[in-house]
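The values are calculated or read from the model by the stated rules, or taken from the named source; none is laboratory data. Note that the structure is predicted; figures quoted are calculated from it, not measured. Note that each Cβ is placed from the backbone with ideal geometry, even for glycine, and that neighbours are counted across all protein chains shown.
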Amino acid sequence: MKILVTGAAGFLGSHLCDRLLEQGHEVIGLDNFFTGSKRNVEHLVGNPSFELVRHDVIEPILLEVDRIYNLACPASPVHYQYNPVKTIKTSVMGMINMLGMAKRVRARILQASTSEVYGDPEVHPQREDYWGHVNPIGIRSCYDEGKRVAETLCFDYHRQNAVEIRVMRIFNTYGPRMHPDDGRVVSNFIVQALRGDDITVYGDGSQTRSFCYVDDLLKGMMGLMEHPSLTGPVNIGNPNEFTIRQLAEQVIALTGSKSKIVAKPLPSDDPKQRQPDITLARKELAWEPKVELREGLLKTIAYFEGVLKKA
Ligand code: NAD
Ligand code: UDP
């Protein structure tokens, strides 16, 4: 098949391009290189089945493809809050442009939505039928509400124009090719530990997240795309839940670092707890994550050791 991946130079997008090419597909990778890096896809340049296009999803584009994976959007709070108006435009106008293309060329489209649509959840763990607890006017809203509108657009194009949609709610995912300055917790802690810098725990570190390794996540993503009928939304993530303090301690133990844990202010609207209920993915996609946190962290630490040596 001919497959478009938006956000192809980013963390998840670049791994997805690798997997799709391994399966023998032709891949067009599109990116505006805001948080993504050419380095993540440089090994694919020269592959006759791969094409890299510099393009911003805010602008319309027409490409003849069979599948669209829409991943373009900064994912780290630091980056999506840098230019919040641009973030919401990326989610909303980018989604309209990609859905418009899907409608024109009759492509199936998968939207990379997020656990952030649940906001600071009052239901735990989160199931897909929970509508969420989101502040519409806070500093995270540009991302959360943008992704919620993007889901709405998917379902309206589906009902109104019969566009084939797949909506995936991704929970915190980590692994090689995250940007060292990405700002998300796993990359921050590993880079800090390897440099011997203080490990910055925001708040008292009792807030929780459930961390999924990138390889597991991609299997769920590609499984959902090729499901014959399931529109979603479907949670894809690892249900093993940890406090942020536990994560910091684990990273220190695995790196053998002498770094100290220091407390920093908790950003506003930071969700207190998050854990996916993956019953639906287990049943419909026969999918569940296999990589334990320790194993995934070791692979990610090895990657960052290489990056920091080169820098
Ligand atoms: P990332 O920041 O590494 O990648 C995002 C990519 O999109 C980057 O290459 C960036 O340059 C590109 N991009 C941003 N705005 C764009 C625009 N207007 N036009 C074209 N390209 C643009 O983030 P990631 O972790 O790879 O996330 C990929 C997708 O998955 C995002 O949509 C994100 O919201 C979603 N997601 C990720 C996670 C996670 O834990 N990694 C969790 C939930 C949702
Ligand atoms: N966090 C932290 N130190 C950091 C970066 C993040 O304690 O250096 C915390 C953050 O406050 C949040 C959790 O780790 O409670 C996950 O943050 P991240 O930005 O990775 O993802 P999100 O909040 O979007 O789930």
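Looking only at the range 183-235, count every residue that is more than 16 Å from ligand 1 (Cβ to nearest atom), under 16 Å from SER76 (Cβ atoms) and of a type outside the set (Val, Ile, Thr) and tell me the total.
2
Could you please let me know if ALA281 is touching a strand residue (DSSP E or B) at 6+ places or on another chain (Cβ under 6 Å), buried (at least 17 other Cβ atoms within 10 Å of the Cβ) and closer than 22 Å to ARG169 by Cβ?
Here the answer is yes, as ALA281 does meet what is asked.
Take the conditions surrounded by fewer than 20 Cβ atoms within 10 Å (Cβ to Cβ), touching a helix residue (DSSP H, G or I) at 6+ places or on another chain (Cβ under 6 Å), at pLDDT 95 or above and more than 18 Å from ALA311 (Cα to Cα) and apply them to GLY175. Does it pass?
No; evaluated as a whole, the condition is false for this residue.
Would you be able to say whether some residue in the range 169-181 is part of a loop (DSSP other than H, G, I, E, B) and more than 30 Å from ALA107 (Cβ to Cβ)?
Within the range 169-181 (the criterion being part of a loop (DSSP other than H, G, I, E, B) and more than 30 Å from ALA107 (Cβ to Cβ)), the answer is yes, since at least one residue qualifies.
Are any of the residues in the range 15-31 within 16 Å of ligand 2 (Cβ to nearest atom) and either closer than 24 Å to VAL234 by Cβ or more than 19 Å from the chain's Cα centre (by Cα) (or both)?
Checked the range 15-31: no residue is within 16 Å of ligand 2 (Cβ to nearest atom) and either closer than 24 Å to VAL234 by Cβ or more than 19 Å from the chain's Cα centre (by Cα) (or both).
Please count how many residues of the range 141-168 are under 19 Å from SER210 (Cα atoms) and not in a helix (DSSP H, G or I).
Counting residues in the range 141-168 that are under 19 Å from SER210 (Cα atoms) and not in a helix (DSSP H, G or I) gives 1.
So which residues in the range 237-255 are assigned to a loop (DSSP other than H, G, I, E, B) and out of contact with any helix residue (DSSP H, G or I) (no Cβ under 9 Å at 6 or more places or on another chain)?
Residue satisfying the conditions is PRO239 alone.
Suppose we filter the range 128-170 for residues that are buried (at least 21 other Cβ atoms within 10 Å of the Cβ) and over 20 Å from the mean Cα position of the chain (by Cα); how many remain?
The qualifying residues number 2.
Just one of LEU280, LEU266 is assigned to a helix (DSSP H, G or I) and under 30 Å from SER141 (Cβ atoms); which is it?
LEU280
Looking only at the range 238-259, count how many residues are touching a Gly at 6+ places or on another chain (Cβ under 7 Å) and polar (S, T, N, Q). Spell out how you get there, then give the answer.
Restricting attention to the range 238-259, the residues satisfying the condition of being touching a Gly at 6+ places or on another chain (Cβ under 7 Å) are 243-245, 248, 257-259.
So of that shortlist, the ones also polar (S, T, N, Q) come out as 243, 257, 259.
Selection size over the range 238-259: 3.
Which one of the conditions (1) under 18 Å from PHE171 (Cβ atoms); (2) in a loop (DSSP other than H, G, I, E, B); (3) more than 15 Å from ligand 1 (Cβ to nearest atom); (4) out of contact with any helix residue (DSSP H, G or I) (no Cβ under 6 Å at 6 or more places or on another chain) does PRO271 fail to meet, given that it meets all the rest?
PRO271 satisfies all of (1) under 18 Å from PHE171 (Cβ atoms); (2) in a loop (DSSP other than H, G, I, E, B); (3) more than 15 Å from ligand 1 (Cβ to nearest atom); (4) out of contact with any helix residue (DSSP H, G or I) (no Cβ under 6 Å at 6 or more places or on another chain) except (3).
In the range 109-127, what residues are out of contact with any Pro (no Cβ under 9 Å at 6 or more places or on another chain) and surrounded by fewer than 19 Cβ atoms within 10 Å (Cβ to Cβ)?
Answer for the range 109-127, where residues must be out of contact with any Pro (no Cβ under 9 Å at 6 or more places or on another chain) and surrounded by fewer than 19 Cβ atoms within 10 Å (Cβ to Cβ): GLU122, VAL123, HIS124.
Quickly run through the range 171-182 and pick out the residues that are near ligand 1 (Cβ under 10 Å from one of its atoms) and either over 22 Å from the mean Cα position of the chain (by Cα) or at negative phi (or both).
Once the filter is applied, which keeps residues that are near ligand 1 (Cβ under 10 Å from one of its atoms) and either over 22 Å from the mean Cα position of the chain (by Cα) or at negative phi (or both), the range 171-182 yields PHE171, ASN172, THR173, TYR174, MET178, HIS179, ASP182.
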